[in-house]
1. Out of the helices (runs of 4 or more DSSP H) lying entirely within segment 61-176, which hold 1 or more residues that are under 23 Å from Q243 (Cα atoms) and either modelled with pLDDT under 90 or polar (S, T, N, Q) (or both)?
2. Between a residue in segment 530-547 that is modelled with pLDDT of 85 or more and open to solvent by 70 Å² or more (accessible area, probe 1.4 Å) and any residue that is not polar (S, T, N, Q) and not in a loop (DSSP other than H, G, I, E, B), which pairs come within a Cβ distance under 8 Å, given they are 6 or more apart or on different chains?
3. Taking the stated definitions as given, is A511 in contact with a helix residue (DSSP H, G or I) (Cβ under 6 Å, 6 or more places away or on another chain) and surrounded by 14 or more Cβ atoms within 10 Å (Cβ to Cβ)?
4. Here are some residues: E625, E607, E651. Which one is under 35 Å from the mean Cα position of the chain (by Cα) and open to solvent by 40 Å² or more (accessible area, probe 1.4 Å)?
5. Find all pairs meeting these conditions: Cβ atoms under 8 angstrom apart; at least six residues apart or on different chains; first residue within segment 413-429 and without any contact (Cβ under 8 Å) to a residue 40 or more places away in the chain; second residue among the aromatic types (F, W, Y) and assigned to a strand (DSSP E or B).
6. For the condition surrounded by 15 or more Cβ atoms within 10 Å (Cβ to Cβ) and in contact with a His (Cβ under 7 Å, 6 or more places away or on another chain), what is the one hit in F600, F634?
7. Within segment 435-457, identify whether any single residue is of a type in the set (K, R) and in a loop (DSSP other than H, G, I, E, B), and answer yes or no.
8. Test of understanding: among R250, R241, which residue is over 16 Å from the mean Cα position of the chain (by Cα) and either of a type in the set (A, V, I, L, M, F, W, C) or modelled with pLDDT under 90 (or both)?
Amino acid sequence: MHKYWKRLLWRFDRSFSTNRVWKPILWVVGFFVVGTMVLWLIGLAWARTNAMNGFAETNSRIDEVISLMIGQSNYPLQSGMPHWYQLLVAFVGTMFFTAFLISTFSNLLVNRAASHRKGLLSYYFENHVLILGGSKVVVGIVKSIAADPELRKKDVLIVTNQDAEKLWLQIVARLSGEERKVSLTIYHRERNMEQSLRKSQAELASVIYIVGEDNEEEHDSLNVECWERVKELREKEAKERGQCYLTFERNVSTYLFHALPGEGDTSKMETTIVNRLESIAQQIMIGDDERGGWSTLDRGVIGVGSEKYVHLVVAGMNQMGYAMATTAAHLCHYPNFDENAERPIRTKITFVDKDADVEMKLFKGRYPGLFALSHSSYWENGKEKERMSPEKKYGDFLDVEWEYLKGELVDDWVREKLVEWRNDEKEVLTLALCDEEPERNVANALYLPKEYYRALDERAGLTERDPLIMVYQPISDALVGRTRDVARYRNVIPFGMMLDSFDVRLEKRIAAAKRINYLYNNSDYVMMPSNEEQLNELWRGLSYANKMSNIYAANSIYTKFRSMKVDWKKCTGDFPEEMVEQMARMEHARWNEEKLLVGFSALEESERKRINDGLRRKDKSIEKENNDLKKKEFVHKDIAPYDGLQEASKEYDKAIVRHLIDVINV
C-alpha cells in the first residue's frame, strides 16, 4: 500500500505544480464528488436504519446532501433526516468548503507544490530511468530518452544538488513539444548519499546515468563514489539487472578503468564507461550520422593506393585537445599505409601550444609504450629541435606520427606552417581549436591566414581541399553558427556543446560492439544469434577494458567502409578475400594504437619471436609467461607488424572485418 500511496501523492503534486489549469481543477472536482458521495452514503445508511426500526419512512436524497454541502438551503430542510444530522452535514460542509478548503487545504497545496518543484518530496518509482547529477549533459540524455520508443514510456528521475526548479526550467526550455511528454521528476539531494539513492529507488531502476554536476571539484571521484554505492545497493536488493553509464570528465579516470582487472559485471548492474570529452570527439569524427563522411578527418577520400593522408592540428594541449588527438589516433587507419614501404603514409597529429615542451613530456609520460614505437618531432621558433624515431628493438610499424609546436596561432612562424600544410595537396587537413576559452577559439577561427577560408561560389559544397576548422564551444554554438552564414566561413564547424554532448548513437555502437565480441568468441561463426541474451551474457563477462576495446572496434567500422568504398546501407553478400585481408591490416593497425593508448607496451622483436615460437610448440611455461605479461605487466606480444603475427592472431582480425555487415545491421 505504501508504494501506491506514494505514487498517488506524486501524481497529486505534479498536477498542482503544473501550468495546466485543468489538472488541479479535476482534483478539486474529485474531492467534491468523493466527499459528497461519502456523506450521502452515511445519510442513506441512516435512513435505512430508521426504516428497519419501524420509524416513519425517510428519504436521504443526494440533492439534500449537496444542498447542505454548498450552503444554499435554509436550515432545517423539510427532510426525513434528523435535525442534528442536518446540522452536522451543514457544519461539515461549511467548514470544508470555507475554512478548510480556502485556508488550510489551500496552504497545503501551495506548500506541497512548492516542495515538489524544489525537489524536496519523495515518491515511489520502479523500472525507471535514474539520472544522478544535473550537469548540462542531462538535456541530451532526456532528448535521447524521448527518441527511444521503450525508454520514453518510463519515468525519468534526476537527482541533483542544484536548484531543482531552475534546472527544470533549463531542461524543459530546450525540449521540443514531443520531448516534453517524457515524465520527468527532479530531486534536490546529493547523489552519492545512500539515503538519496534509496529514496530514488536506485535498486529498482532499469537504466542509470551517473553524470555529476557542472564545474564540480573532484567530479570523477564523486562519480566513482556514487557508482560504488549504487553497485553495493543493487547487489543487495536489486531483483533485475540494470544498465549503468558512468561518465568521466578527465582522461586519467578512463585510463585507470582500462587498467582495472575485472571479471566483468558481477553485480546486478551492467556498467559502460563514458568519457564525455572523448564522446564529443567521437561524435564529430566517426561519421555514423546524417553528415556521413564530409565532416570526418578523412572526408571519405583516402582509399587503397591514395597518396593523401589525414593531418589533424590540435591547438591547445588540454583535456579537450588530448581527447581529440587520441580519438583521431583510434580512428585514422587507412588502406594506403604499408609498413614495409620506404616512406609509409601515416596519419599525422600536430599539437600547437605555448607550453608544448612541458605538455609534450607529460603526454609522452602517460603513454610510454606508444612513444617508444612512434615517430615524433618537436618545433620551436620555426625550427625542428628534436626528431624521435621508434626504437629499433621494437620495429617500425605504427601508422600514426606526432608533432609538437611550441607557439601560438598568432605567431608568424606558426602561421607560415599553417599555410604550408594548407598548400600541401596530399594533406586532408583539419584544425581543431581546443582552447579552454570559447571566445578565444572563435577569434582564432576568424583570424587564420586567408588561405584557410573558402573563396568559392557560395553555392559550392565543401571538398577535401577545404581544411575543416573545428571550434570548441562548450556553452553555445550560436556565434559560430552565425559565422557559417558567411560563405567564406562554411568550413568552420562548432563542436563540444555540453547540451549535446551525450552521444545518442552510443547505444547503437555498443550493440555493434557486442556482436564484435560474439565474433571473437565464435570461430565457427555462421550467423548472429536471434536471441540478444546470448550476446548480453558474453558481454557481461568482460572486463571494462575489453568492453571499451570492442566499442573502439565498433567506432572504426565507418572509417573502414569509407576507405574501402563500401556502401554499408546497400551492401549484401560477402566481401572479397582481398578486401578482407586489407581491412584486417587496418583493424590490426587500429588495435595496435588502441592497446598502446590504454597503457600496454610491446615486446622487443626478438622476444616476440621467442614467445610465438613457444606458443606454436604449446610450451606450457611460455603460455604462462605470455599470460603473466598481459595481465601483470601490461605487455602484449601482438603489438607488432601485421606480417609478424601468428596466423591464429590474424584470424581474429579477419573474423571481425569479414562479417562487419552483420555487426552493423543492429
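The values are calculated or read from the model by the stated rules, or taken from the named source; none is laboratory data. Remember, it's a predicted structure, so these values are computed and weren't measured experimentally. Quick reminder, even Gly has a Cβ in these numbers, built from the backbone with ideal geometry, and neighbours come from all protein chains shown. Each accessible area value is taken on the protein alone, full model and side chains, heavy atoms only, with ligands, DNA and RNA left out. Shrake-Rupley method; radii C 1.70, N 1.55, O 1.52, S 1.80 Å.
1. The qualifying helices (runs of 4 or more DSSP H) are 137-147.
2. Q534/Y518
3. No: the conditions fail for A511.
4. None of the others qualify; the one that does is E651.
5. K417/W379
6. Just one listed residue meets the conditions, F600.
7. So far as segment 435-457 goes, yes, one or more of its residues are of a type in the set (K, R) and in a loop (DSSP other than H, G, I, E, B).
8. R241
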